[in-house]
Amino acid sequence: MVFKFYIALALAVAAVLSPLSLSVVPVILLAWFIYQWWRPLSAAIETLTHYFLYFALALIYSLFLPSWLAALIAVPILVLVALDLPAYTLHLQYRVTKRTRRLTGASIDFLGIALISVGLAAVLGSLALLVAGILVLLALGIALFLLNRQFPSVPVESPHTQVRILAGQEENLSVGLQARTPYGGLLFIQPVSEWVKVESPVLAFKGGLPALNLKITPPLSGNAQVNFDCYATDRWGLLQVKFNFMPVDLLVIPRARYADWLARRYLSGTKPGALPLLANLTNLNSRRGLRQGIEYYGNRRYQPGDSIKNINWKYSTRYNELITKEFTEFQGQPAMILADLTVGNDEDADRLAYNLMMTALTLVQNEIPSSLAAFDSHKVVEVTGIIPKSELVLRCLQLVKSIEVVDSPRRTLSRADTSRLRSNIRRIDQVDSPSAKALADLLRLEYQNLSTGAKNSPCTLAVSEVMARSNSSFSVILISEFCHNPEALSFNASLLDQKGFSVIQLD
């Protein structure tokens, strides 16, 4: 505050003592300074305004005072600029570089303005402007020299942490940080891996630091360490350092290994504990398994093919979209696991093995009579009737060893939704117009192509064998990564749905 009063007073005196033809210049500068003081636009504009006024005052006072004295009168403004820099630094962005140390954009700007003032002093023959520029260059040179020697290459530290985590499982971590420099500054944190998310990627530090909150979802092939590329600037924003930071070691447990352990624990006669799979309905994508029955479960958005009588009109009016009721009949009938053993990579294989084993364990834990049908890209691997609980788990353990990894072509379009296609054909048939008829014929052609493509697929053969063996209704739990012939899977799921079977797709 004192330095701002000093600038206002210095500009007012300059307006009085300047020649009449030039007195308007300090008046304009004073008006702008008071406006910035009263209503600052931003920290950057305020800092640059004060920096410009330093050179302007030295030049104006040189009109009626000795050059050395004019430069000396402007020196207190440099103190105000130094006080402004911490606020200015908070709005800086790091610059990606391969060098471990470099000048920040603010340093380059201040040095550039000082060098320009020295050049202008030579052109204008102003000794006061030359002295002012040299003083700034000297002050910046001393500051950068001291910072380069005393600002550490790694300005923050953290106790090393080791975390055990299941592959694909989201984990929230809080890492404590401690500054290694008394200067303080700004820390920019950039995760190396996409599966690591940082809650606050920019942290201001001086002495202590707020905790670094992370959200980690490691894949099977993930790094063993949580790795960050970090950039830090000092509190004045003059020097930037780059360093690598690895505060957490991860012990990533494959999902298949965890499911295998639970299955063997069950088979050995011990309790497998809580197995949150089908009980967690966020993992389910149901066709009819959760739409029908007598036990009300909840609401969801309307999907083509849903019964009109199940629409919840009260909530539909409230949310201005169709909302339908969900019912569950899963507990009241047998279940059949329909497993596609074809995957595209090891990550998919791990997830498929986990889903297969956890589904089997959940079914036996809930005393649901179950059967099994499995196929790969070439053949039907296994089809059973209702089997005992322990045998279901044992056969799923054996099926995990039959998971097949194939090279899948890259898909550009999403896979066909046969149920939606059939519903669209039924709706369009109700419209009596030539264009609607042409569109319906086109959709029927698409449906026929899907039917032809699915006719001899292992999925169709497995479903046909299951239906031939069954003399009652049951719920089908579809487990697949949709890496090979997803249209056949979609077609058969729609066919089962059409015949009255409850189809639950496990994502």
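The values are calculated or read from the model by the stated rules, or taken from the named source; none is laboratory data. As the structure is a computational prediction, the values presented were derived from the model and not from experiment. We place every Cβ from the backbone using ideal geometry, glycine too, and count neighbours over all the protein chains shown.
Out of Ala14, Ala31, one residue alone is over 37 Å from the mean Cα position of the chain (by Cα), of a type in the set (A, V, I, L, M) and at pLDDT 85 or above. It is Ala31. Exactly one residue among Ile504, Ile425 is at pLDDT 80 or above, under 23 Å from Ile368 (Cβ atoms) and of a type outside the set (S, T, N, Q), and that residue is Ile504. Can you find a residue that is out of contact with any strand residue (DSSP E or B) (no Cβ under 6 Å at 6 or more places or on another chain), surrounded by 16 or more Cβ atoms within 10 Å (Cβ to Cβ) and either assigned to a loop (DSSP other than H, G, I, E, B) or outside the structural domain of Ala132 (by TED's automatic domain parsing) (or both) anywhere in region 45-57? No, the conditions are met nowhere in region 45-57.
Within region 83-98, the set of residues being exposed (fewer than 15 other Cβ atoms within 10 Å of the Cβ) and either at pLDDT 85 or above or in a helix (DSSP H, G or I) (or both) comprises just one member, Leu83. Whether a residue is in the same structural domain as Leu57 (by TED's automatic domain parsing), at pLDDT 85 or above and under 23 Å from Tyr183 (Cα atoms) was assessed, and Val79 passes this test. Restricting region 185-219 to residues that are polar (S, T, N, Q) and without any contact (Cβ under 8 Å) to a residue 40 or more places away in the chain, the residue that is nearest to Leu238 (Cα to Cα) is Ser200. Go through region 21-63 and give me each residue that's of a type in the set (S, T, N, Q) and in contact with a Ser or Thr (Cβ under 9 Å, 6 or more places away or on another chain). Gln36, Ser62, listed by residue number. Restricting attention to region 14-44, the residues being surrounded by 13 or more Cβ atoms within 10 Å (Cβ to Cβ) and part of a helix (DSSP H, G or I) number 15. Residues that are within 16 Å of Leu239 (Cα to Cα) and at pLDDT 85 or above are absent from region 170-184 altogether. Among the residues of region 428-452, those that are within 29 Å of Ala488 (Cβ to Cβ) and among the β-branched types (Val, Ile, Thr) comprise Ile428, Thr452.
Filtering region 245-261 down to residues that are assigned to a strand (DSSP E or B) and not aliphatic (A, V, I, L, M), which residue is farthest from Met357 (Cα to Cα)?
To start, the set of residues in region 245-261 that are assigned to a strand (DSSP E or B) comprises 245-253.
After this cut, where a residue has to be not aliphatic (A, V, I, L, M) as well, the list is 245, 247, 249.
Working: Phe245: 38, Pro247: 34, Asp249: 28 Å.
Selected residue: Phe245.
Those helices (runs of 4 or more DSSP H) of region 343-458 in which 1 or more residues are touching a residue at least 60 places away in the same chain (Cβ under 8 Å) and within 38 Å of the chain's Cα centre (by Cα) occupy 346-365, 389-400, 418-428.
Inside region 220-244, residues that are on the phi < 0 side of the Ramachandran plot, not hydroxyl-bearing (Ser, Thr, Tyr) and not in a strand (DSSP E or B) make up a count of 7. Screening Gly141 against (1) modelled with pLDDT of 90 or more; (2) farther than 18 Å from Trp236 by Cβ leaves a single unmet condition, (2).
For Glu347, the criteria (1) within 30 Å of Thr161 (Cβ to Cβ); (2) out of contact with any strand residue (DSSP E or B) (no Cβ under 8 Å at 6 or more places or on another chain); (3) at pLDDT below 80 hold in every case but one, which is (3).
Tell me, please, whether a residue that is surrounded by fewer than 16 Cβ atoms within 10 Å (Cβ to Cβ), modelled with pLDDT of 85 or more and either among the acidic types (Asp, Glu) or within 30 Å of Thr47 (Cα to Cα) (or both) can be found in region 216-237. Checking region 216-237: at least one residue is surrounded by fewer than 16 Cβ atoms within 10 Å (Cβ to Cβ), modelled with pLDDT of 85 or more and either among the acidic types (Asp, Glu) or within 30 Å of Thr47 (Cα to Cα) (or both).
Looking across region 466-491, the residues that are under 19 Å from Thr342 (Cα atoms) and either over 39 Å from the mean Cα position of the chain (by Cα) or assigned to a loop (DSSP other than H, G, I, E, B) (or both) come down to Ser480, Glu481, Phe482, Cys483, His484, Asn485.
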